[in-house]
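The values are calculated or read from the model by the stated rules, or taken from the named source; none is laboratory data. On a predicted model such as this, the values are computed, not experimentally measured, just so you know. In this analysis, Cβ positions are derived from the backbone assuming ideal geometry, glycine residues included, and neighbour counts consider all displayed protein chains.
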């Protein structure tokens, strides 16, 4: 080969630059495609568009008082949706979360009403929630009971226990630490941000870290993706299943504690029907009921959309009875979106 046949260093650098540009363009295209096929992204867009429309269409939506109420109200569903998302990722379902919230709230209220401090009351509420979650998880993981049946039964049992604990009365006096509990749920300690919102953000960050960066999170996804394959690869399926149901019950217990402090009273109707909103938030946010898919961010975005829908009905003068229809329709659309995405990927 003559010297004239050999590529110059300038030509080599140009070829290298073109290759790098092509790789960068391909990478950017892949990221854009992934974003546009991400259900959470589109739900977030829907939330933003809905907020913009309500800001223009009504005078009350963008007020500081209404936004404060929205951000505070969304937290109770969002906190539980974080735990529910883990359960759904693992391939299960938890219908008992609303009743667990009620039971934990009542245990807290009754304990503090009896004269115990807020620390003991919170510990009792958390222990109750974990016990319920462990019971659900053991029946499902070790005895092979269907999650739907177990948690449906616990939905009734937990609320019945709450009625027994309070003799089906309203508890609104919380003993010597009454004001501390109200400040815990109804205060705004940091930059005027409602305390429940801060708790939600911290718990979301923790759940996101666990799902994304820990072995436990990888195992949860593996179980939901293919449980038999997970067993063959050495994943401790049964203990992890118990753990996710305990986490789900724990988030319900935490939401119950915070909501008790916010409301300043506990009735045996608290949390009734909440399981539908929680499951809807997780599914709308991208969790797949078949298992193996879901994110903490998706749970927050899904809960936000539900709360914006609920808030908008009153502002637009729409009958509140339509709330269930809108939420149910959002669930169907979310599942349809997931099926279309899976169909395209299979092609």
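What the table shows:
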| quantity | calculated |
| --- | --- |
| Residue 276 within 13 Å of the chain's Cα centre (by Cα) and surrounded by fewer than 21 Cβ atoms within 10 Å (Cβ to Cβ) | yes |
| Unique residue being assigned to a loop (DSSP other than H, G, I, E, B), at pLDDT 90 or above and closer than 29 Å to residue 229 by Cα when the list is 271, 298, 294, 286 | 294 |
| Top-ranked residue of the stretch 41-82 - restricted to ones that are in contact with a helix residue (DSSP H, G or I) (Cβ under 6 Å, 6 or more places away or on another chain) and outside any helix (DSSP H, G or I), ranked as surrounded by the fewest Cβ atoms within 10 Å (Cβ to Cβ) | 60 |
| Condition check for residue 206: surrounded by fewer than 17 Cβ atoms within 10 Å (Cβ to Cβ), out of contact with any helix residue (DSSP H, G or I) (no Cβ under 6 Å at 6 or more places or on another chain) and assigned to a helix (DSSP H, G or I) | yes |
| Yes/no for residue 257 being in a helix (DSSP H, G or I), under 26 Å from residue 335 (Cβ atoms) and at pLDDT 90 or above | no |
| Selection count where residues are surrounded by 14 or more Cβ atoms within 10 Å (Cβ to Cβ) and without any contact (Cβ under 8 Å) to a residue 24 or more places away in the chain, scope the stretch 315-326 | 2 |
| Single condition residue 85 does not satisfy, out of (1) outside any helix (DSSP H, G or I); (2) buried (at least 22 other Cβ atoms within 10 Å of the Cβ) | (1) |
| Checklist (1) in a helix (DSSP H, G or I); (2) in contact with a helix residue (DSSP H, G or I) (Cβ under 9 Å, 6 or more places away or on another chain); (3) modelled with pLDDT under 85 applied to residue 342, failing item | (2) |
| Contacts under 6 angstrom Cβ, first residue in the stretch 207-226 being in contact (Cβ under 8 Å) with a residue 40 or more places away in the chain, partner crowded, with 20+ Cβ neighbours inside 10 Å and not in a helix (DSSP H, G or I), 6 or more apart | 220/90; 223/90; 224/90; 224/91; 224/291 |
| The one condition in (1) in contact (Cβ under 8 Å) with a residue 40 or more places away in the chain; (2) in a helix (DSSP H, G or I); (3) crowded, with 17+ Cβ neighbours inside 10 Å that residue 111 fails to fulfil | (1) |
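Conditions (1) more than 30 Å from residue 286 (Cα to Cα); (2) in contact with a helix residue (DSSP H, G or I) (Cβ under 7 Å, 6 or more places away or on another chain), marked per residue:
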{"site": "96", "(1), (2)": "no, yes"}
{"site": "103", "(1), (2)": "no, yes"}
{"site": "107", "(1), (2)": "yes, yes"}
{"site": "117", "(1), (2)": "yes, yes"}
{"site": "127", "(1), (2)": "yes, no"}
